[in-house]
Each structure stands twice: as structure tokens, then as C-alpha cells.
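Everything on this sheet refers to the single structure shown next.
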Amino acid sequence: PEEPGMPENNHSNAPLPPPHVQLIQMAMAHWVSRIAYVAAKLGLADHLASGPKTADDLAGPTGTHAPSLYRLMRALTNLNILTEDATHRFALTPLGEALKTGAPGSARSSILTLASDWMSRGWEQLLYSVQTGGGGFEQSLGMPLFDWLAKHPEEASLFSETMMGFHGAEPAAITAAYDFSGLSTLIDVGGATGHLLTTILTGNPTLRGILYDLPHVVRDAPALIQARGLSDRVTIEAGSFFDRVPGGGNAYLLSHIIHDWTEAQCLTILGHCRRVMPPGSRLLIIEMVLPSDNAPHPGKMLDMMMLVGPGGQERTESEYRELLGKAGFRLTRLVPTDTAVSVVEAVLA
């Protein structure tokens, strides 16, 4: 009988293992997460960037026990991150190359965030969240997730890079899928450093933008906006969307904001938007809209992070329609993109 082992390098034509083995492999998934985390933490991909090396070569630079490091690196060959030759020298595979610091897609930052101790402790509270509806991270961190990140700049910076990596393909896909022509001023509410806003503006030369987020979040925005040559078309405003939202836009963008918060908090944010939106303006919510059937969708897993994490949720189209209705909006259409997110378009009811 087939033994449950570490996940093999899956070939799509290989038959699925028996159900019990699949379930046991799910239970072992945290082993893989931890192995990838230690590889990222030690910077193994960076150390191997110049060419193949043995565990003995890397023990000193990484501050590790050479025989144990060898065993870790051998395990990484099973995950297709490294290869080992006959002389026990390890080299990077394409997966390993993507683990280097600064490689496209932010995989290293993402692993250091998603497989971190603080993230794992939050997920340990999933049962508590399912039993009570309370946030697991608030339980493990002693405060709400975003408050904790505001106090831990290094983790917040990695978290920010993780979000960039996680949602990296979205800005171009949103710009391609949604027709922004006919709009004059787009206000990105909670727009972080302006990655999405600047991508949209680059594709729509007559559009101007206002980037609005917390002071410590927009701190890094001027550099990005300047690098993209858009300083003359973007105004930065610092503040909290729980207090107010800037006026003067004919489209208001909320990208990955609504899923983070409780319904009451969402209604507060949407209420601030509604108060300043002129007639004929549009509200554009960028989120993973869940299918209402059994179709697999990454949002169904992300919804578990929202449950244990910030206390928000992912929604189906009808749930967005209901939420928007309570806030005084009418959902006009759902525009899918080439990624997992859609643009939920609404107008004043």
C-alpha cells in the first residue's frame, strides 16, 4: 500500500493517491511550510546564487550544523527547490531561483510572512475562531492584526511585500479588464504605496489619482510614484478611512479593503465614501468574489485567513449586493479579470 510521504514533485498525469493518503498529506503540509521557511530564513537561495555549494561550504555563512544543514538541503531536493550532484554539491532549480531576495513575485518575503511564527500562532486559533467567531490573531497577538503590524515595522514591511507578491498580477489584469475611460479622478482608498493606482494611471493617460492611506503606509509611496513618472498626476493624502475619505473623485477604488473588516466596519468605510461621492460617480471594489457553487476558488481558502486574521470575510456576488444595499449603493455589474479577483462596480442607490 502507498505510504503517505512528503509531497512528491507532482506530475499532472500521475494518478491521485488513495483518499486516506491525500488526507494524511494535508496534515503534513505544515512540515513543507516550515522547511520552506527555514530555507528562506537562512537565505540559502542567496548563498547559492553564485553557483553550487556543499552543506559544509554553507554551514559557516548560515550559522548552522553542517550535517543537519545537509539533511535540510536534501529535503529541499524533494520539494524541487534544490538539486544535489554526486559530489553532494547543491544547486538552485527554477523554484530555488525564485526564492532569492528580490526575485520577481516576492516569494521569499511571502514565505517569511506566511510561514512565520506569528502567523502560525494565529492559525493555531482557527478552532477558537470557528467556535466563537472571534479573531484568532487577536487572541494570539493580544491585539488586532493591523494594530500589531503597525507596532512591528519589519514584519509589516515583509507583510506589505507579501501582499504585492500575492496580488502582483492583479493591477495589469484590472487595468486590462475594466474600462476607466470617461473617469477624471480616481481615489484609491487604502491604496498602500500606490502600485495599483499607478498601474491604472499608466494605462489611462488622462486620469488623475488621489492615494489615501495611513501615514506610516503612504510613507513609501512617493518613491514608487516618482519612479513611474506620475508625480504630477497623483496626490497623496494621509488618513484613516474609518475617520473620513477624500472628496473630489468621480470613482472610488477599494482594493482588498472590504474583505478585511467586520460588516459594521465595512458599513462605516462605505458610508464615508457615499458621503463624498457626487451623483454619477462609481464605487469599484476589487476582491475575490466567491462562486456560489462547489467550484474550487482560492477565495474559499483566503476566507479562512479572514476569519482567523483581521475578522473580515470573502463574499459571493449576492452577499456583496446585500452589503452594498445596506450602505446605500446599488451593485451594477461584476467585471471578471484574468486573475482570481473581480471588479465589483456600484453606484449610489
Extending each Cα 7 Å along its Cβ direction at V130 and M301, get the distance between those two points in nm, one decimal. 1.7 nm
For the chain, what is the mean residue ellipticity at 222 nm derived from helices alone (per DSSP H run of n ≥ 4: -39500 (n - 2.57); sum divided by total residues; nearest 500 deg cm²/dmol)? -13000 deg cm²/dmol
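Need one number: % antiparallel among DSSP beta bridges in the chain, to the nearest 5.
Details: 17 of 37 bridges.
Restricted to the chain, the bridges split so that about 45 percent are antiparallel.
Would you mind getting the accessible area per residue of segment 128-280, heavy atoms of the protein chains only, 1.4 Å probe, in Å²?
Per-residue value: 45 Å².
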Kirkwood Rh, Cα atoms: Rg over Rh of segment 1-123: 0.99
Quote to one decimal, in nm, the extra length available between A66 and V32 on full extension: 0.36 nm per residue of separation minus the C-alpha distance between them. 10.2 nm
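With all protein chains present and a 1.4 Å probe, how do E138, E155 order by accessible area, largest first?
Details: E138 95, E155 60 Å².
Result, largest first: E138, E155.
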To the nearest 10 degrees, the tilt of helix 263-276 (Cα long axis) against the first principal axis of the alpha carbons of the chain is 40 degrees
Using a 7 Å offset from the Cα along the Cα-to-Cβ direction at both L95 and E322, what is the distance between the two label points in nm, to one decimal? 4.1 nm
What percent does the relative contact order of the chain come to when contacts are Cα pairs within less than 8 Å and at least six residues apart? 13 percent
Classify segment 158-203 as rounded, prolate or oblate, taking a ≥ b ≥ c as the square roots of the eigenvalues of its Cα gyration tensor: rounded when a/c is under 1.5, otherwise prolate if a/b is larger than b/c and oblate if not. oblate
Quick P(r) readout (segment 234-340; Cα-Cα; 5 Å bins; whole %) gives 2, 11, 21, 25, 19, 14, 6, 2, 0
Inter-part distance where segment 314-348 and segment 284-305 are each reduced to a Cα centre, Å: 13 Å
Points 7 angstrom from Cα along the Cβ direction at H20 and A150: gap in nanometres? 5.2 nm
What whole-number distance in Å separates the alpha-carbon centres of segment 122-141 and segment 188-259? 32 Å
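Once the piece of chain linking Q139 and A349 is laid out straight, how much longer is it, given 0.36 nm per residue of separation minus the C-alpha distance between them?
Working: separation 210, 0.36 × 210 = 75.60 nm, distance 3.84 nm.
Separation in residues times 0.36 nm, less the Cα-Cα distance, equals 71.8 nm.
The values are calculated or read from the model by the stated rules, or taken from the named source; none is laboratory data. In this text, all values refer to a predicted model and were calculated from it rather than measured experimentally. Quick reminder, even Gly has a Cβ in these numbers, built from the backbone with ideal geometry, and neighbours come from all protein chains shown. Calculation scope for accessible area: heavy atoms of the full protein, side chains included, ligands and nucleic acids excluded. Shrake-Rupley method; radii C 1.70, N 1.55, O 1.52, S 1.80 Å.
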